[in-house]
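All remarks here apply to the structure that follows.
The values are calculated or read from the model by the stated rules, or taken from the named source; none is laboratory data. Computed from a prediction, not measured in an experiment: that's the story for all the values here. Don't worry about glycine lacking a Cβ; one is built from the backbone with ideal geometry, like all the others, and counts go over all protein chains shown. Note: areas computed on protein heavy atoms with side chains; ligands, DNA, RNA excluded. Shrake-Rupley method; radii C 1.70, N 1.55, O 1.52, S 1.80 Å.
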Amino acid sequence: MKKAIYPGSFDPITNGHIDIVNRAQSLFGEIHISVIENPHKSPLFSISERITLIQQIFADRPGIYVEGFHGLLVDYAKKKHISTIIRGLRAVSDFDYEFQMALTNRHLHPEIDTVFLMTDEKYSYLSSSLVKQVAKFKGNIDSFVPISIARALQEKYPS
Ligand code: ADP
């Protein structure tokens, strides 16, 4: 079965990310959602909270694996013998950064390719940071994230 890594901060995972996982799995079969432990970002959810929340969402989905990683993505991919990285594209604004990152990764490990998947247009404006902002001020996030994530956000921002 073909395998791919879908890396990201997922702080927290949103319906936009889930849309990309679903699209990626129809192409690759086995998707390894890799949660980045990024020392430059101070996440709302710890790495273990983010992993657990994602694992719960995909608990009954064969072929979806969730794990954390730190360090260089391409080294991690190589260690796992996976040569495809999935990234989601929302608007043109994502492109510059993603293009730079994909070419840097190719420079480091030419055998690893990045595949970009376009999100459903209804998620094209959705981001984890927007969801956190709305949740913080008690706005309705039910159409942005699964119910388990909405609950976890409520616990982070108690009234
Ligand atoms: P990172 O810090 O690596 O950008 P994110 O969790 O923000 O981590 O995003 C992980 C990946 O998911 C990125 O490729 C990003 O473009 C994509 N992504 C984020 N939000 C959406 C969305 N609403 N629809 C589709 N892809 C998305």
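Which of His40, His17, His107 moves the most in a Gaussian network model of the chain with Cα springs under 10 Å?
Top of the fluctuation ranking is His40.
What is the spread of the Cα atoms of the chain along each of their three principal axes, largest first, in whole Å?
49, 34, 30
To the nearest 0.05, how large is the calculated FRET efficiency for Ala150 and Met1 if R₀ is 30 Å and r is the Cβ-Cβ distance?
Given R0 = 30 Å and the Cβ-Cβ separation, E is 0.35.
Can you check how the C-alpha radius of gyration of region 93-137 compares to 2.2 N^0.38 Å, as a plain ratio?
1.56
What fraction, in whole percent, of alpha-carbon pairs in region 1-56 exceed 12 Å separation?
When every Cα pair of region 1-56 is considered, 65 percent fall beyond 12 Å.
Give the angle, between 0 and 90 degrees and rounded to the nearest 10, that separates the Cα long axis of helix 47-57 from the longest principal axis of the Cα atoms of the chain.
90 degrees
Could you check how much of the accessible area of region 24-107 is carbon and sulfur, as a whole percent, using a 1.4 Å probe?
Accessible surface attributable to carbon and sulfur in region 24-107 totals 56 percent.
What does the extension gain come out to for Ser129 and Ser159, with contour length at 0.36 nm per residue minus their alpha carbon separation?
That works out to 8.9 nm of additional length.
Normalising by the residue count of the chain, find the relative contact order in percent from Cα pairs under 8 Å and 6+ residues apart.
29 percent
Once phi is turned into θ = phi - 60°, what whole-Hz ³J(HN,Hα) does the Karplus curve with 6.51, -1.76 and 1.60 give for every residue of region 151-159, x standing for Gly and Pro?
Coupling constants for region 151-159: 5, 4, 5, 4, 5, 6, 10, x, 7 Hz.
Roughly how many debye, to the nearest 20, is the charge dipole of the chain about its Cα centre, given +1 on each Lys and Arg Cβ, -1 on each Asp and Glu Cβ, and no other charges?
The dipole of the chain has a size of about 180 debye.
Among Gly68, Phe116, Ile31, pick out the residue whose Cα is farthest towards the positive end of the charge dipole of the chain, where Lys and Arg carry +1 and Asp and Glu carry -1 on C-beta, about the Cα centre.
Sorting the options by dipole projection puts first Gly68.
Applying 1/(1 + (r/R0)^6) with R0 = 30 Å to the Cβ-Cβ distance of Lys80 and Ala59, what FRET efficiency is obtained, to the nearest 0.05?
So, using R0 = 30 Å, E works out to roughly 0.90.
Whole-Hz ³J(HN,Hα) for each residue in region 20-34, computed from phi via Karplus 6.51 cos²θ - 1.76 cosθ + 1.60 with θ = phi - 60°, x for glycine and proline: what do you get?
5, 4, 5, 5, 5, 5, 6, 9, 10, x, 10, 10, 9, 6, 10
Calculated FRET efficiency, Tyr97 and Leu27, Cβ-Cβ r, R0 22 Å, to nearest 0.05?
Taking R0 as 22 Å, the efficiency between Tyr97 and Leu27 is 0.45.
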